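Just below is one structure, and these are the notes that go with it.
The values are calculated or read from the model by the stated rules, or taken from the named source; none is laboratory data. Since this is a predicted model, take the numbers as computed values, not measurements. Because the Cβ atoms are built from the backbone with ideal geometry, glycine has one as well, and the counts that use them run over all protein chains shown.
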Amino acid sequence: MDKIGTGVALRAPHSGTWSCPTRRTLCERLRSVRKDAAAEFQRILDRPGNVLNSTLASLAHLGLGQALGVAGKKEKVRTAYQDFLQFRKDADPDIPILKQAKAEYAKLQ
């Protein structure tokens, strides 16, 4: 069980792995609820158990970029968005979160 400072305990499914909806919920909750979400996303990326090409790592890069944007750290924001877009370079370009990330990244240029 992991508390993320929102008073809500998050649990992995019984299989011991995070399901995609759980990952999405975690990332959304971190991005929208905590001002210090950048540290939480970085913690996800720093965990050796996270596979480098996993959905969780990809969404953590995007969340990190958005959280750093709130903190005003523009250069680090660009790097985080570049990492997310690199993960998703072969993805369907019509995926809404990818389209949104590309639009946000374009505004940084």
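Here is a yes/no grid of residues against (1) surrounded by fewer than 17 Cβ atoms within 10 Å (Cβ to Cβ); (2) among the hydroxyl-bearing types (Ser, Thr, Tyr); (3) under 11 Å from the mean Cα position of the chain (by Cα):
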{"residue": "Phe41", "(1), (2), (3)": "no, no, yes"}
{"residue": "Asp46", "(1), (2), (3)": "yes, no, no"}
{"residue": "Leu62", "(1), (2), (3)": "no, no, yes"}
{"residue": "Val70", "(1), (2), (3)": "yes, no, no"}
{"residue": "Lys73", "(1), (2), (3)": "yes, no, no"}
{"residue": "Val77", "(1), (2), (3)": "no, no, no"}
{"residue": "Gln82", "(1), (2), (3)": "yes, no, no"}
{"residue": "Asp90", "(1), (2), (3)": "yes, no, no"}
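The single condition among (1) within 13 Å of the chain's Cα centre (by Cα); (2) surrounded by 13 or more Cβ atoms within 10 Å (Cβ to Cβ); (3) at pLDDT 80 or above that Arg31 does not meet is (3). Among the numbered conditions (1) modelled with pLDDT of 65 or more; (2) at positive phi, the only one that Gly7 does not meet is (1).
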